[in-house]
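Shown next, in structure tokens, is the structure this report addresses.
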Amino acid sequence: MTATPPPSLEPGDPRPPLGAADLAALWEQMLVIRRVEELAAKAYTERKILGFCHLYIGQESVAVGAAAACEPRDRWVTAYREHGQALAKGVSPRAVMAELFGKATGSSKGLGGSMHIFDSGVHFMGGYGIVGGQVPLGAGVAWSLKQLGTGAVCLTWFGDGAANQGAFFEALCLAQLYKLPVVFICENNAYAMGTAIERASALTDMSQRGLGVGMVREQFVGFDVEVVRQRVGAAVDFARAGHGPVLLEIVTYRHKGHSMSDPAKYRPAGELEEKKKSDPVLLTESRLRDMGMDDAALEAIRERVELVAKDAYDFAETSPVPDPAHLYDYTYAPARSE
């Protein structure tokens with residue numbers, strides 16, 4: 001019997017094209033992520049942030065473009081490089097930075113830290129530390145969304161290294177079998193920790209993993225926030241319409257090491273400098289200039305972003321540490337009275 005090839009996504013995006021004001025708003029979101037992450041790096045070197053800290057610098061267009069394609073009711077589940085995604089989904093800079101500092105005012109009350117930001121109020125369903133472990137969680141969230149008839153979609157994020165995990169394949173199988181409203185997004189930033197994708201996988205187009213279960217899939221380059229908005233938008237619309245899941249691979253690049261403890265000496269000479277020519281922040285700024293935005297308008301946005309980032313840093317620094325009496329409040333369910 002001949003297998004029927006899966007359908008492809010519609011080209012383009014049915015949403016209205018972005019004008020200068022809308023694109024400037026996305027640029028401002030990317031700048032907030034960039035500055036919050038830069039201040040987080042500073043705080044880490046001063047030991048105000050402890051433990052692991054994985055920065056999103058260089059990948060801002062992916063989270064911001066995806067958020068522009070989603071609706072507030074949509075859920076996001078992701079891995080531990082989630083600061084930028086949390087901010088794009090609507091978690092406040094104050095709550096993100098305070099969580100990085102381990103303070104009681106953080107999004108997870110200071111108990112999660114950098115790798116476990118969570119805010120159900122904006123449907124950001126958490127960052128998770130086990131590589132690939134969040135992918136079946138995303139499928140489970142999508143199952144609940146379908147059963148409850150919410151009309152919402154779950155975006156499930158992971159890196160190229162996680163696409164080689166067994167739990168990833170199992171989640172794809174079930175999502176396709178039950179036509180779950182989930183968009184799996186592989187952020188391929190070229191390295192799984194310090195291992196280049198070519199050294200870890202014979203298949204370097206991770207979106208082709210979906211072909212084994214008959215899933216709609218697409219790979220594209222994600223430095224342009226408008227392209228991300230269009231292609232994620234097409235995938236979200238497909239899943240929301242009840243056609244089943246989609247696997248997207250978005251090619252991106254992180255400017256920093258895997259974590260703050262990684263000097264990234266495994267990169268070939270000149271690679272980082274070459275990739276920075278595709279810096280999403282600079283690309284969008286250039287487009288705004290082409291659309292007629294002048295230096296004064298751009299500088300006003302930068303000043304506004306600087307105030308937001310500094311406010312988040314100061315808020316985190318002056319917030320109280322968690323009360324040890326509440327250490328187990330979110331570990332065990334409350335005792336039931338008979």
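Readers should treat all values here as calculations from the given coordinates under stated rules, not as data from a laboratory. Keep in mind that this is a model prediction, so the values were computed, not measured. Backbone-built Cβ (ideal geometry, glycine too); neighbour counts: all protein chains shown.
Of note:
- Every Cα-Cα pair in the stretch 118-235 was counted, and those over 23 Å apart are 30% of them.
- Projected label distance in nm at ARG304 and LEU148, using a 7 Å step from Cα toward the beta-carbon: 3.3 nm
- Qualifying trypsin sites (Lys or Arg not before Pro) in the stretch 245-338, where qualification requires a DSSP coil assignment and no more than 11 other C-beta atoms within 10 Å, comprise LYS265, ARG336.
- Karplus 3J(HN,Hα) series, Hz, for the stretch 20-29 with 6.51 cos²θ - 1.76 cosθ + 1.60 (x for Gly, Pro): 4, 5, 5, 5, 4, 5, 5, 4, 5, 4
- Within the stretch 184-273, the chymotrypsin sites (Phe, Trp or Tyr not before Pro) that combine a DSSP coil assignment with at most 16 other C-beta atoms in a 10 angstrom radius are TYR266.
- Formal net charge of residues neighbouring ASN188 (Cβ-Cβ distance under 10 Å; K, R +1; D, E -1): -4
- Taking Cβ atoms as reference points and 10 Å as the exclusive limit, the residues near PHE101 contribute a net charge of 0, counting Lys and Arg as +1 and Asp and Glu as -1.
- Multiplying the residue separation of THR45 and LEU177 by 0.36 nm and removing their Cα-Cα distance gives an extension gain of 42.8 nm.
- Efficiency of FRET from Cβ geometry, ARG73 and ALA21, R₀ 30 Å, rounded to 0.05: 0.75
- 12 Å beta-carbon shell around TYR128, net charge (K/R +1, D/E -1): 0
- Computed across the stretch 98-178, the Kirkwood radius stands at 13.8 Å (inverse of mean 1/r, all Cα pairs).
- Computed per residue of the chain from DSSP H runs no shorter than four, each worth -39500 (n - 2.57), the mean residue ellipticity at 222 nm is -13000 deg cm²/dmol.
- 37 °C / 0.692 mPa s Stokes-Einstein diffusion coefficient of the stretch 20-310, Kirkwood radius on C-alpha pairs, µm²/s: 172 µm²/s
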